[in-house]
Amino acid sequence: MGLKEEFEQYAEKAKTLPQTTTNENLLIIYGLYKQANVGPINTTRPGMFNMKDRAKWDAWKAVEGKSKEEAMSDYITKPSVMRI
């Protein structure tokens, strides 16, 4: 199985993460997912009153230097490292 196929399989699994998954861990996974699918962040940072979207933007920005392949690989391994 190739990296892309494995990534897509884990993306499906991510839809059923336990309710106890912390927001911090969800944001890490979100940032890696966006980096793997879109690449470097291509939008402006949301305003301070839009805290949810701002946190998601920050999570994506935090992994900006990773290649799509690195982000896919990290996306696959992070949940097990975080014990999700």
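Taken together, the values in this text are just the output of simple stated rules run on the coordinates, not laboratory data. As the structure is a prediction and not an experimental result, all values here were calculated from the model. Using ideal geometry, Cβ is built from the backbone for each residue, glycine included, and neighbour counts are taken over all protein chains shown.
Table for the structure above
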{"item": "Loop-located chymotrypsin sites (Phe, Trp or Tyr not before Pro) in the chain whose Cβ has at most 10 other Cβ within 10 Å (DSSP)", "result": "F49"}
{"item": "Projected label distance in nm at T43 and E6, using a 7 Å step from Cα toward the beta-carbon", "result": "3.0"}
{"item": "Label corresponding to P(r) over Cα pairs in 5 Å bins from 0, in percent when calculated from the structure given, among (1) 3, 15, 26, 24, 19, 10, 3, 1, 0; (2) 3, 19, 28, 23, 17, 9, 1; (3) 3, 14, 26, 28, 19, 9, 2, 0", "result": "(1)"}
{"item": "C-alpha long axis of helix 3-14 to longest principal axis of the chain, angle in °", "result": "70"}
{"item": "Electrostatic dipole magnitude of the chain [Cβ: Lys, Arg +1; Asp, Glu -1; Cα centre; debye, to 20]", "result": "300"}
{"item": "Furthest towards positive pole of dipole, S73, Y33, M1, structure part the chain, Cβ charges", "result": "Y33"}
{"item": "Loop sites in the range 1-53: trypsin sites (Lys or Arg not before Pro), DSSP, at most 14 other Cβ within 10 Å", "result": "K15"}
{"item": "Residue order, fewest to most surrounding Cβ atoms within 10 angstrom, among M1, M72", "result": "M1, M72"}
